[in-house]
Ligand SMILES: [Zn+2]
């Protein structure tokens, strides 16, 4: 108000004020900018602190990360989900092989039971050890040659061969099976159109239970060759929903790098509220959609 009066009355001053105005504008703008920047910084800092507090809670309560894995590989949102009782079924196909003994050592260290879908390869001793140490010895295939899908006869003759091997070693008839390539495999169509549609019901009719998987470690892919990637695929793939949810994980114990990932997977699971179990005839089944 007073300035307005000065402005009107004193012409000299008016001019002077007029000259000074850009300076004031500059100073005010500078102050304003500084204020805005500090405001933004404050808000950012607050956000960062809140985030840090959250991750401290998460790390303290539910996350153990093995040495080779970066926290970032497990997405923030997933880490935040609530812990309930969830089951993980570790399953290993195509063995036994040269890495199986080492795998059994790791499983034994944590008293974790797993499921082995075995073939006619490897030593009897390893299958016996799997059995004696409380794991489920299940049937994959004897030859693991996709030509077994030529007909029901060729398939069952191969299945009988591995079944006989397991019975001879363990003294127990195995009833859990996994199809080479899974029930959804399309490779079988090269040998026999519609064979999987037939076999998936025929095996059940013959008293077997077949299991696919709902988490793939990717260890059979040519693009995956490290324990880090296997770990990451498994951890990002496990079912994080509440009680009753389950994850059937596909790995191969003939792959050393995949076996290398197991200890980290177990540590992560145990400290995040998962329990590990071997598949039994009463376990929930995961079936793929049959495509042939
Ligand atoms: Zn296989």
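The values are calculated or read from the model by the stated rules, or taken from the named source; none is laboratory data. The model shown is predicted, which means the values in this text are computed figures rather than measured ones. Methodologically, a virtual Cβ is constructed for each residue, glycine included, from the backbone with ideal geometry; neighbour enumeration extends over all protein chains shown.
Observations, loosely collected:
- Residue in segment 186-196 that is part of a loop (DSSP other than H, G, I, E, B), under 16 Å from the mean Cα position of the chain (by Cα) and over 24 Å from residue 280 (Cα atoms) present: no
- Evaluated against (1) buried (at least 20 other Cβ atoms within 10 Å of the Cβ); (2) within 13 Å of the ligand (Cβ to nearest atom); (3) free of Cβ contacts under 8 Å to residues at least 60 places away in the same chain, residue 159 falls short on exactly one condition, (2).
- Condition met for residue 243 (assigned by TED's automatic domain parsing to the domain that holds residue 120, away from the ligand (no atom under 16 Å from the Cβ), in contact with a helix residue (DSSP H, G or I) (Cβ under 9 Å, 6 or more places away or on another chain) and closer than 22 Å to residue 280 by Cα): no
- Looking across segment 101-147, the residues that are more than 16 Å from the ligand (Cβ to nearest atom), surrounded by fewer than 15 Cβ atoms within 10 Å (Cβ to Cβ) and outside any helix (DSSP H, G or I) come down to 110, 111, 123, 133, 134.
- Just one of the numbered conditions (1) out of contact with any helix residue (DSSP H, G or I) (no Cβ under 8 Å at 6 or more places or on another chain); (2) assigned by TED's automatic domain parsing to the domain that holds residue 182; (3) closer than 22 Å to residue 118 by Cα is not true of residue 234: (1).
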